[in-house]
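Okay, structure first, notes after.
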Amino acid sequence: MATAQSHTSMADALLAEFEMQAPVTRKFLERLPEDKLTWKPHEKSMTAGQLAYHLATVPGGIARFVKNNPGQTSGFVFPQPASRQEILEKLDESIATVRELLPTYDDKAMMETWRLLAGDKEVMAIPRVAFLRNIMLNHWYQHCGQFSVYLRLLNVPVPASWGPSADEPSSM
């Protein structure tokens, strides 16, 4: 007797991973002291608020950005948020955007060559899924690690993520 095999789409796999990371990112952002939004560890660094805002907005912004093929580079702007609440609201919006847009890509759309242009010059041509993996997720993780260093330098307890931190046991 033949059995039907279920197939997890690429979008569903990315979404499942995203859903595991979103609450971890929220824990980090919730720790940012309100009075440290403009603090930065070095003159060339983003402020803690700018980095937190970036962390909050990357996933939804990238999910929206890859709808256009080709995408066009633009100058990156790192807004200075006025409050931690503004950052958390942006995270909620970003999560909602990913949940809305990611499932709209079938595997064919995920494997489509997605192109990034700088003016008329092509600077990247990779499968859409690779861009989402590298920028929506890997880039996001890298900045979460960066943000954990900001918290440490501010003497704020760093939350556990996939394992324990020096301040908290793992919840796994």
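The values are calculated or read from the model by the stated rules, or taken from the named source; none is laboratory data. This is a predicted model, so every value here is computed, not measured. Here Cβ is always computed from backbone atoms with ideal geometry, including for glycine, and neighbour counts include all displayed protein chains. Surface accessibility is based on the protein's heavy atoms, side chains included, excluding ligands, DNA and RNA. Shrake-Rupley method; radii C 1.70, N 1.55, O 1.52, S 1.80 Å.
A few points about this structure:
- Cα-Cα P(r), the range 1-68, percent of pairs per 5 Å interval: 3, 13, 17, 18, 14, 11, 8, 6, 3, 3, 2, 1, 1, 0
- Short to long, the 5 Å bins of the Cα pair-distance histogram for the chain hold 1, 8, 16, 18, 17, 15, 11, 8, 4, 1, 1, 0, 0, 0 percent of all pairs.
- Ligands, DNA and RNA are left out, and with a 1.4 angstrom probe the accessible area of the chain is 55 Å² per residue.
- Positive-end extreme of charge dipole, the range 1-62 - chosen from THR25, SER45, LEU55 (charges on Cβ): SER45
- Candidates per trypsin sites (Lys or Arg not before Pro) in the range 1-110, loop by DSSP, up to 11 other Cβ within 10 Å: LYS44
- Listed residue pairs exceeding 22 Å between alpha carbons, taken from LYS67/LYS90; LYS67/LYS121; LYS44/LYS67: LYS44/LYS67
- Between 0 and 90°, nearest 10: helix 48-65 axis offset from the chain longest Cα axis: 10 degrees
- In the range 1-72, the GluC sites (Glu not before Pro) that fall in loop regions by DSSP, at most 12 other Cβ within 10 Å: GLU43
- Apportionment of accessible area to carbon and sulfur, the range 69-172, percent (1.4 Å): 56 percent
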